[in-house]
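Worksheet for the structure shown next.
Read the figures in this text as sums done on the coordinates, not as results from a lab. As the structure is a computational prediction, the values presented were derived from the model and not from experiment. We place every Cβ from the backbone using ideal geometry, glycine too, and count neighbours over all the protein chains shown.
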Amino acid sequence: MPPAPRYLPATERRSATVDAVVALAALHNPSEITTTAIARQMGLTQGALFKHFPSKDAILESVMEWVAASLMSRVDRAMKAASSPMQALESLFMAHIQFVAAHPGVPRIVFAELQRASPSGARRVVDTLLRRYSERVSQLIVDAKSSGEVEAAVDAEAAAVLFVGTIQGLVMQSLVHGDAKRILRDAPRVFVIYRRGIGSA
């Protein structure tokens with residue numbers, strides 16, 4: 001990545017910092033990414049970086065705020081274009097998968113934050129994102145039950161847990177195999193199985 005221009009306004013500099021962390025996380029353990037490495041990735045000094053963020057935790061919180069906003073925006077657009085609740089579920093599933101494939105560093109950062117024993121601003125953002133996301137999925141499943149696309153007996157909350165867990169499993173497989181694009185190949189086939197599991201006969 002070429003050095004970031006030194007004349008960027010504060011808002012753009014913060015955005016560039018987020019980009020740098022996501023790029024680094026695609027190649028390195030997020031817990032081992034230092035502010036020195038982030039500054040080097042941006043072509044800055046640590047001092048210049050700390051003019052915009054008081055700490056590494058503040059940087060990670062900003063990264064997770066970007067992740068939450070970007071993912072939910074992509075998900076909302078995908079859902080609005082769908083013609084039925086089940087199609088919305090599939091669109092949401094694939095929009096999430098495409099986001100991960102485009103930003104392979106993101107799941108590494110999320111998993112690292114979830115493993116932290118101490119609370120942090122970034123962890124709170126992750127927790128809120130997961131709650132909002134699960135609620136969105138659960139409501140879609142309820143809507144699909146009402147439309148007859150999903151069996152009436154299906155537990156919507158459990159089906160939402162399975163939905164999120166399925167994506168997390170695909171992400172883990174791509175990380176294990178070191179192939180960020182594998183998730184794009186596997187996701188459509190996996191969703192077919194998920195849909196058959198909850199769909200009406």
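Observations
- Dividing the mean sequence gap of close Cα pairs (under 8 Å, 6+ apart) by how many residues the range 22-119 holds gives a relative contact order of 40 percent.
- For the range 86-103, Karplus couplings with θ = phi - 60° (6.51, -1.76, 1.60), whole Hz, Gly/Pro x: 5, 5, 5, 4, 5, 5, 4, 4, 6, 5, 5, 4, 5, 5, 5, 5, 6, 10
- For the range 74-159, the relative contact order is 29 percent, taking Cα pairs closer than 8 Å that sit 6 or more residues apart in sequence and dividing their mean separation by the residue count.
- Approximate shape of the range 53-98 as ellipsoid semi-axes (Cα gyration tensor, √5λ), whole Å, largest first: 30, 8, 6
- Approximating the spin labels as points 7 Å out from Cα along Cα→Cβ, the GLN173-to-GLN46 distance works out to 4.2 nm.
- Two-site label geometry, GLU32 and VAL192: point separation in nm, points 7 Å out along Cα→Cβ: 3.9 nm
- A viscosity of 1.306 mPa s and a temperature of 10 °C, combined with the Kirkwood radius over Cα pairs in Stokes-Einstein, give a translational diffusion coefficient for the range 33-130 of 106 µm²/s.
- Amide proton proximity set for VAL150, modelled H, under 5 Å, gap of 5+: LYS145, SER200
- Largest first, the extents of the alpha carbon coordinates of the range 46-201 on the three principal axes equal 61, 31, 30 Å.
- What the phi angles of the range 41-54 give under the Karplus curve with 6.51, -1.76 and 1.60, with θ = phi - 60°, is a coupling list of 4, 8, x, 10, 8, 4, x, 5, 5, 6, 5, 10, 9, x Hz, glycine and proline written as x.
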